[in-house]
Structure formats: structure tokens, C-alpha cells
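Colleague: Mind having a look at this structure? Questions to follow.
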Amino acid sequence: MTDDSAPTVLARTGGGLGRLTLNRPRAINALDLDMIHLLHAALDAWERDTEVDVVLLDGAGERGLCAGGDVRGLAERVTGGQAQESAVFFRDEYALNARIAEYPKTFVAFADGVTMGGGIGVAGHAAVRIVTERSQLAMPETRIGFTPDVGGTWLLGRAPGRLGEYLGLTGAVMDASDAIYAGFADHFVPSDRLDALRDALETRADPSSPTELVLLFDETPPSSKLERARSWIDDAFAADTVPEIVERLRARPEAKASATADLLEELSPTGLAVTLASVRRSRELPGLRDALEQEYGLVMWFATTQPDLPEGIRAQVIDKDRSPKWQPPTLAELPADIADEALAFRPDIPLWG
């Protein structure tokens, strides 16, 4: 446990390795704007530093790499009429997501433990993405009446079959095997070997690439539960609309399909409809930056026009009564063109300016 005066991002170099450690363990290293700026600054400095060949991102504490972004702050800004301040956070965060994906030096991420929401944004676009037996990856935004962002729809849209729709709508948690199968991670390394891998990345004396070094430590993970569930997931989540997805789930014999239908009927109808459209449109986009731009428009639409976002954060994170009052409350009452309206929204300040 770090003390409150410690930097929230630890940046240090040695042996050709630039190491970034998210350092808010009591908050499972959830990202705030200062942390995003510190990460930007380190990457700017190391890009020009000839002594840094590889960048490694990890998280302090035993609970995870990063639990996401500061949703309490987001709710406060939205309810306080300061939604435009959230635009600053999103623009800086999405620029970081794109920078990690495009970084000219090999970027390695240890997605050990909880890695969700904003954590996917800093780990999921790395060149080398490592998971462990403790990993829990998810895009759980629909649980708070929101929609996946930080480039999450770019990853979801490229998952096998209809897993992107399933993971995006339900916020289901992936273990290491699922994350690798779904395209959110590359290598499985047991957690007790991470320190040795860090040392190898820093002290390597031969010209082996970071990926070749990782291969010395990775192991074959167990089979993926998602892969085994593809039959009912692909069948149900290929439907055109969320109500039709629920209908198909109800018709399946699998108990997990019925439970998934129950879950979808508890979540924000608006969040579900917009997320379904977002994942499917991202599947057709040419690159990550295009997906981030689409997500930026959607999150600002939620932040400036939709009561479900602050209500979802209140119910799940602040009051924790788990009883959100969605507007509208049911899928049947949702306007048919709600996703088109959201996708057509254009923020006052563009993402890429």
C-alpha cells in the first residue's frame, strides 16, 4: 500500500527498459486525469530516449492492473452540469490509447488481476499483452448505463463470431484463456513468473526481441469457456436487435443463455441498444482511431443527454443499492431510432483536432 504522497504513476528506466507502474492500489489503480498526463509525459520522453528500447506497463498491489476510470468523478461532472469537463478527460485518455497502439518502441502490458474499462484501454492495445491465472478482463460499461469506449469496441468488433456483441452487452468477465481467445491478450504467463520476466526484459544481454523473451515464460492456458459457449452465443447475438437477442436466448436450452437473457433485461435499454450498434459499426471501421472517434461521440452523447449514465453510477458505485431506475425502463419502450441518434451526435470539440 502506497502513501497518499507517492506518485500515482511510477516511471523509471534501466537496462533499456522503461517501466510504468500505475500506483493507486487502494483504487485498483483506477485512472484519473493526472495519471493519464503522467503516462503521456513518460511516453513522450522515452520515445526520444535512445537508452529505452522497451516499455512495460504494470500495476501496484495484488488486485489488478487497472479497474477502469474515475466514474465517480464522471457522475459528479454530469450531474453538476459540467459534462464538457469530461470531454477533456476522454480526449486525453483516448489519445493515450492510440499512442500506446502506435508507439514506435515495443509496449508490453501485464494485465494481471483486474483489468477493466480504462484498464483495457492501456493494456488491450499494447504490442505484447500478457495475462495470468489471476486476470479478470471486461468491458463492463453497460452495467452503469454506458457504452464501451477506450478502443474497446475496436477489440470487441474483431473477436471471433458474436463474442464482441456478447462481451459488450453483458460486460462478462474474461479469464486469461477467454481473453486470449477473444483477442484481448496474447500470452499466458503464471503470476509467479512475472518478476523473472520483468528482470529478463531489463537485463537481456542478447538481441532477442521482447516477444521472443516472453515465449520463454509463457505457457499454454486451459481451454476457453467462451470458445465452448460459441454455439449459443453466436446464435443469439447474431439477431438484429436487443429484444430479438433476448428472445433467442430464451429459446436456447442452455442455462447460461437463460441467465444472460435475465441479465440483459436488468440493464439500461439505451446502453444496450447503443452498444450493439457501436460494436457492429466498429467491425466495419478501418482503424483504432476511427473507433475511438466513434466512441467519443457516443460517450459525450451519454454525458450530455442521457440520465441513465449518472443513475447507473449512483446505483452501482456510489449508493450501491443495485437498483437503477432506467429511462426508459424497458426495451419495449425504447425509441427504435435511439442508436442512430447516438451515432449521429457530434461533440462541440472534435476528438482529433
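Colleague: Which one of these does Glu244 not meet: (1) surrounded by fewer than 17 Cβ atoms within 10 Å (Cβ to Cβ); (2) of a type in the set (D, E, K, R); (3) touching a residue at least 60 places away in the same chain (Cβ under 8 Å)?
Modeller: (3)
Colleague: Now for a separate question. Tally up the residues in the range 252-282 that are assigned to a helix (DSSP H, G or I), in contact with a Phe, Trp or Tyr (Cβ under 6 Å, 6 or more places away or on another chain) and among the hydroxyl-bearing types (Ser, Thr, Tyr), please.
Modeller: Qualifying residue count, the range 252-282: 1.
Colleague: Yes or no: the range 227-235 includes at least one residue that is open to solvent by less than 10 Å² (accessible area, probe 1.4 Å), within 26 Å of Arg158 (Cβ to Cβ) and among the acidic types (Asp, Glu). Walk me through it before giving the result.
Modeller: So in the range 227-235, the residues open to solvent by less than 10 Å² (accessible area, probe 1.4 Å) come out as 233.
Add one more test, that the residue is within 26 Å of Arg158 (Cβ to Cβ), and what stays is 233.
Going one step further and asking which of them are among the acidic types (Asp, Glu), we end up with none.
The answer is no; no qualifying residue exists.
Colleague: Another one. Which of the residues spanning the range 329-349 are surrounded by 10 or more Cβ atoms within 10 Å (Cβ to Cβ) and either of a type in the set (A, V, I, L, M) or more than 17 Å from Trp301 (Cβ to Cβ) (or both)?
Modeller: Across the range 329-349, the qualifying residues are Pro329, Thr330, Leu331, Glu333, Leu334, Ile338, Ala339, Ala342, Leu343, Ala344, Ile349.
Colleague: Select from the range 313-328 the residues that are open to solvent by 40 Å² or more (accessible area, probe 1.4 Å) and without any contact (Cβ under 8 Å) to a residue 60 or more places away in the chain and list them in ascending order.
Modeller: Asp319, Lys320, Asp321, Arg322, Ser323, Lys325, Gln327
Colleague: Please enumerate the residues belonging to the range 72-105 that are modelled with pLDDT under 90 and within 19 Å of the chain's Cα centre (by Cα). Don't jump to the end; show me each part of the working.
Modeller: Taking the range 72-105 first, the residues modelled with pLDDT under 90 are 72-86.
Those that are modelled with pLDDT under 90 and within 19 Å of the chain's Cα centre (by Cα): Arg72, Gly73, Leu74, Ala75, Ser86.
Colleague: Looking only at residues that are of a type in the set (Asp, Glu) and more than 13 Å from Leu56 (Cβ to Cβ) in the range 180-209, which one is most open to solvent (accessible area, probe 1.4 Å)? Break it down into steps so the answer makes sense when it comes.
Modeller: Kept after step one, since they are of a type in the set (Asp, Glu), are these residues of the range 180-209: 186, 192, 195, 199, 202, 206.
Those left that are additionally more than 13 Å from Leu56 (Cβ to Cβ): 186, 192, 206.
Working: Asp186: 59, Asp192: 130, Asp206: 77 Å².
Ranking the candidates gives Asp192 first.
Colleague: Against the condition open to solvent by 10 Å² or more (accessible area, probe 1.4 Å), of a type in the set (A, V, I, L, M, F, W, C) and under 17 Å from the mean Cα position of the chain (by Cα), how does Leu292 come out, does it pass? Don't jump to the end; show me each part of the working.
Modeller: On the way: open to solvent by 10 Å² or more (accessible area, probe 1.4 Å): no; of a type in the set (A, V, I, L, M, F, W, C): yes; under 17 Å from the mean Cα position of the chain (by Cα): yes.
Here the answer is no, as Leu292 does not meet what is asked.
Colleague: Six or more apart or on different chains, Cβ atoms under 6 Å: show the pairs whose first residue is in the range 174-202 and under 18 Å from Leu155 (Cβ atoms) and whose second is of a type in the set (Phe, Trp, Tyr).
Modeller: If the second residue must be of a type in the set (Phe, Trp, Tyr), the pairs left are Ala176/Phe188.
Colleague: Also, I was wondering about something else. When you go through Leu309, Leu263 one by one, which is the residue that is in contact (Cβ under 8 Å) with a residue 24 or more places away in the chain and either open to solvent by less than 10 Å² (accessible area, probe 1.4 Å) or at positive phi (or both)?
Modeller: Leu309
Colleague: Wholly within the range 185-238, which helices (runs of 4 or more DSSP H) include no fewer than the required count, namely at least 3 residues that are modelled with pLDDT of 95 or more and under 29 Å from Gly15 (Cβ atoms)? Working first, answer last.
Modeller: Values: elements: 194-203, 210-215, 225-228, 230-236.
Ranges flagged: 194-203.
Colleague: Let me ask something else about it. Exactly one condition in (1) aliphatic (A, V, I, L, M); (2) open to solvent by 10 Å² or more (accessible area, probe 1.4 Å); (3) assigned to a helix (DSSP H, G or I); (4) closer than 22 Å to Gly157 by Cβ is not met by Leu285; state its number.
Modeller: Status for Leu285: all satisfied but (3).
Colleague: Considering only the range 244-251, I want to know if a residue exists there that is of a type in the set (A, V, I, L, M), in a helix (DSSP H, G or I), touching a Ser or Thr at 6+ places or on another chain (Cβ under 7 Å) and within 30 Å of Gln316 (Cβ to Cβ). Before you say what the answer is, go through the steps one by one.
Modeller: The first filter runs over the range 244-251 and keeps only residues of a type in the set (A, V, I, L, M), leaving 245-246, 249, 251.
Those still in the list that are in a helix (DSSP H, G or I) too: 245-246, 249, 251.
Restricting the remaining residues to those that are touching a Ser or Thr at 6+ places or on another chain (Cβ under 7 Å) gives 249.
If we keep only those that are within 30 Å of Gln316 (Cβ to Cβ) too, we end up with 249.
Yes: the range 244-251 contains one or more residues that are of a type in the set (A, V, I, L, M), in a helix (DSSP H, G or I), touching a Ser or Thr at 6+ places or on another chain (Cβ under 7 Å) and within 30 Å of Gln316 (Cβ to Cβ).
Colleague: Which one of Glu51, Glu47 is open to solvent by 60 Å² or more (accessible area, probe 1.4 Å), touching a Lys or Arg at 6+ places or on another chain (Cβ under 8 Å) and not small (Gly, Ala, Ser)? Full working, then the answer.
Modeller: On the way: Glu51 fails: touching a Lys or Arg at 6+ places or on another chain (Cβ under 8 Å).
From the options Glu51, Glu47, the qualifying one is Glu47.
Colleague: How do the pairs read when you match residues in the range 44-67 that are touching a residue at least 12 places away in the same chain (Cβ under 8 Å) with residues anywhere that are of a type in the set (Val, Ile, Thr) and open to solvent by 60 Å² or more (accessible area, probe 1.4 Å), using Cβ under 6 Å and keeping only pairs 6 or more apart or on different chains?
Modeller: Val52/Thr13
The values are calculated or read from the model by the stated rules, or taken from the named source; none is laboratory data. Bear in mind the structure is a predicted one, so any value in this text is a computation, not a measurement. When we count neighbours, we look across all protein chains shown, and the Cβ atoms used for this are built from the backbone with ideal geometry, even at glycine. To get the accessible areas, we keep the full protein, side chains included, count just its heavy atoms, and leave off ligands, DNA and RNA. Shrake-Rupley method; radii C 1.70, N 1.55, O 1.52, S 1.80 Å.
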